[in-house]
Amino acid sequence: LNEIDFAAMARSMGIASEVISSSKELGELNFRKLFERRGPTLIDLRIDANEEPPLGCRIKGLAKNTSVTPGS
């Protein structure tokens, strides 16, 4: 699929938006500022289609019937 700029679409409708293109940018995102906004905010999280997900730990957890997913 072609890249879609969801953040631009949101801004065109008057909705605040943030574009996140890396894990560093995600870590630097000011969530407190986001939560203080009135109305919706769209976070356009760009994922590298060529990046392989870190499934090794997840597979091991499933094999042991335990969860390695944060928060569960």
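The values are calculated or read from the model by the stated rules, or taken from the named source; none is laboratory data. Everything quoted here is computed from the prediction, not taken from an experiment. Ideal geometry is used to build each Cβ from the backbone, glycine not excepted, and the neighbour counts take in all protein chains shown. Note: areas computed on protein heavy atoms with side chains; ligands, DNA, RNA excluded. Shrake-Rupley method; radii C 1.70, N 1.55, O 1.52, S 1.80 Å.
Every helix of 4 or more DSSP H residues in the chain counts as -39500 (n - 2.57), and over all residues that averages to -9000 deg cm²/dmol at 222 nm.
For GluC sites (Glu not before Pro), the sites in region 2-45 that DSSP calls loop and that have at most 15 other Cβ atoms within 10 Å are E3.
Count Lys and Arg as plus one, Asp and Glu as minus one, and take only other residues whose Cβ is under 10 Å from that of A7; the net charge is then -1.
Counting only protein heavy atoms and a 1.4 Å probe, the chain has 89 square angstrom of accessible area per residue. Placing R0 at 22 angstrom, the Cβ-Cβ distance between S21 and L62 gives a FRET efficiency of 0.15 after rounding to 0.05.
Of the residues R32, R58, the one with the largest accessible area comes first in the ranking R32, R58, computed with a 1.4 Å probe on protein heavy atoms. Its relative contact order, with pairs defined as Cα atoms under 8 Å and 6+ residues apart, puts the chain at 30 percent. Per-residue 3J(HN,Hα) values for region 20-25, derived from phi via the Karplus relation 6.51 cos²θ - 1.76 cosθ + 1.60 with θ = phi - 60°, read 10, 10, 8, 5, 5, 5 Hz in sequence order (x marks Gly and Pro).
For the chain, the share of alpha carbon pairs falling in successive 5 Å distance bins from zero is 3, 13, 16, 16, 16, 13, 12, 7, 3, 0 percent. The H on the amide N of L45, modeled in the peptide plane, is under 5 Å from the matching H of I20, each at least 5 residues off or on a different chain. With a cut-off of 12 Å on the backbone N, no residue of region 24-38 is near the modelled label site 7 Å out from D44 along Cα-Cβ.
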